[in-house]
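Peer 1: This is the structure, below, for whatever I ask next.
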Amino acid sequence: MRPYGDTTGDGMVQVSFTLPVTHDKRAEGAAVQLANRMGIDPAMVVHAKGMGDGFTFFVVYGRVNHLVDLNAVQVVERDFALLSAKDVNAVIKQRLRRKLSVVGACIGTDAHTVGIDAILNVKGIAGEKGLEYYRELKVTNMGAQVSVPELVETARAEKADAVLVSQVVTQRDAHLHNTREMSAAFREALPAGRRPLLIVGGPRFDETMTDELGVDRIFGRGTTPGEVASYLVHALITQRKATP
Ligand code: B12
């Protein structure tokens, strides 16, 4: 299949980018040239605005001829059942017979707490209450700009069953570096059997990168607390019980 713009299969797409050049006709030509090299042909600058000295932001609209093969797309399918809050509490109570301890934080210099708060705080997101609402979950939300040693220390003190880390800023791949640093620190600090489940989330993660980042699960855009709670039960109780 091809992208849809004005009519089915016409291949029309819209992209935006910034070039380090002052806004003039030449700059617009450069934007078209870049779009052409990206396979967009014909390409039309539909918006251009100077962004301070020597920078211009562009929106370019045009046609691509590439075909997309849906069968070749690889995604991480949800491999666990979605449970209600009541069921999550019931499974934890029956099978674990203690509260499940969860420690969450934004690590590194990242101060974008809205995402992790949406998952952890009672107020939640998208009509779902956050993990604090679950009677059988004990939630410690450490907030923004937490260092990895602080996180490891708190996880140890709280006997965390799961550590939930949020990374929103992706400049210079900060989210990947910070996640690798975090998972390495947990591997170093705690033996395999006592290591908490490591979960990261944020809008720009590739959910297939778990092994590369040394974490158990990655959650992306639009995640809801119910999905996370269901995964915790699956990974820490249901699945663990099933494996000898
Ligand atoms: C609000 C906001 C801020 C606020 C943050 C306030 C706060 N307390 O969080 C303030 C004003 C402080 C801010 C500052 C900055 N910001 Co800002 N910010 C945003 C903005 C507008 C919205 C982010 C947001 O709240 N989304 C809503 C939440 C609910 O969505 P979410 O984070 O994706 O979370 C969901 C999922 O991803 C997932 N999830 C997220 N984390 C986790 C964790 C776990 C464990 C799980 C399971 C799931 C999960 O579940 C959540 C719910 O569905 C975005 C742009 C945008 N529209 O997204 C820029 C944006 C993220 N910011 C950006 C930037 C650059 C900055 C600054 C560097 C700006 C500057 N030059 O100072 C600073 C950095 C500050 C810092 N040290 O981190 C860039 C990042 C670009 C990049 N490539 O990294 C963005 C994308 C804007 C942009 N287009 O340039 N920002």
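The values are calculated or read from the model by the stated rules, or taken from the named source; none is laboratory data. Predicted model, so just to flag it, every value in this text is computed and none were measured. Here the Cβ is made from the backbone with ideal geometry for all residues, glycine too, and neighbour counts use every protein chain on show.
Peer 1: Quick one: residue 179 ticks every box in (1) over 25 Å from residue 98 (Cβ atoms); (2) of a type in the set (Val, Ile, Thr); (3) within 8 Å of the ligand (Cβ to nearest atom) bar one, so which box is it?
Peer 2: Checking residue 179 against (1) over 25 Å from residue 98 (Cβ atoms); (2) of a type in the set (Val, Ile, Thr); (3) within 8 Å of the ligand (Cβ to nearest atom), the one that fails is (3).
Peer 1: Scan 161, 173, 216, 206 and give me the residue that is over 21 Å from residue 76 (Cα atoms), within 13 Å of the ligand (Cβ to nearest atom) and not hydroxyl-bearing (Ser, Thr, Tyr). Steps first, answer last, please.
Peer 2: Working: 161 fails: within 13 Å of the ligand (Cβ to nearest atom); 216 fails: over 21 Å from residue 76 (Cα atoms); 206 fails: over 21 Å from residue 76 (Cα atoms).
Answer to the check: 173.
Peer 1: Could you give me the residue pairs with C-beta distances under 6 Å whose first residue belongs to the stretch 120-135 and is on the phi < 0 side of the Ramachandran plot, whose second residue is in a loop (DSSP other than H, G, I, E, B) and within 10 Å of the ligand (Cβ to nearest atom) wherever it lies, and which are 6+ apart or on separate chains?
Peer 2: Close Cβ pairs (under 6 Å, with a partner that is in a loop (DSSP other than H, G, I, E, B) and within 10 Å of the ligand (Cβ to nearest atom)) amount to 120/130; 121/130; 122/130; 128/224; 130/124.
Peer 1: Another question, then. In this structure, is residue 83 within 15 Å of the ligand (Cβ to nearest atom) and at pLDDT 95 or above?
Peer 2: No.
Conditions (1) farther than 30 Å from residue 11 by Cα; (2) more than 15 Å from the ligand (Cβ to nearest atom), marked per residue:
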position	(1), (2)
55	no, no
66	no, yes
71	no, yes
97	yes, yes
102	yes, no
105	yes, no
114	yes, no
131	yes, no
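Peer 1: Please return the ranges of helices (runs of 4 or more DSSP H) entirely within the stretch 146-244 where 2 or more residues are at pLDDT 95 or above.
Peer 2: Because the criterion is at least 2 residues that are at pLDDT 95 or above, the helices (runs of 4 or more DSSP H) in the stretch 146-244 that meet it are 148-157, 174-189, 210-213, 225-233.
Peer 1: Considering only residues that are in a strand (DSSP E or B) and either over 20 Å from the mean Cα position of the chain (by Cα) or under 17 Å from residue 221 (Cβ atoms) (or both), which ones fall in the stretch 79-132?
Peer 2: Matches in the stretch 79-132: 100, 101, 106, 125, 128.
Peer 1: Also, I was wondering about something else. With respect to residue 184, determine if the residue is surrounded by fewer than 20 Cβ atoms within 10 Å (Cβ to Cβ), near the ligand (Cβ under 8 Å from one of its atoms) and under 18 Å from residue 108 (Cα atoms).
Peer 2: no
Peer 1: Which residue out of 84, 101 is over 23 Å from residue 203 (Cβ atoms), crowded, with 16+ Cβ neighbours inside 10 Å and of a type outside the set (Val, Ile, Thr)?
Peer 2: The unique qualifying residue is 101.
Peer 1: Separate question: When residue 62 is evaluated against the numbered criteria (1) assigned by the TED database to the domain that holds residue 232; (2) in contact with a strand residue (DSSP E or B) (Cβ under 8 Å, 6 or more places away or on another chain), which criterion, by number, is the only one it fails?
Peer 2: Status for residue 62: all satisfied but (1).
Peer 1: So how many residues does the stretch 188-201 have that are more than 17 Å from residue 237 (Cα to Cα) and either touching a strand residue (DSSP E or B) at 6+ places or on another chain (Cβ under 9 Å) or within 14 Å of the ligand (Cβ to nearest atom) (or both)?
Peer 2: Number satisfying all stated conditions: 2.
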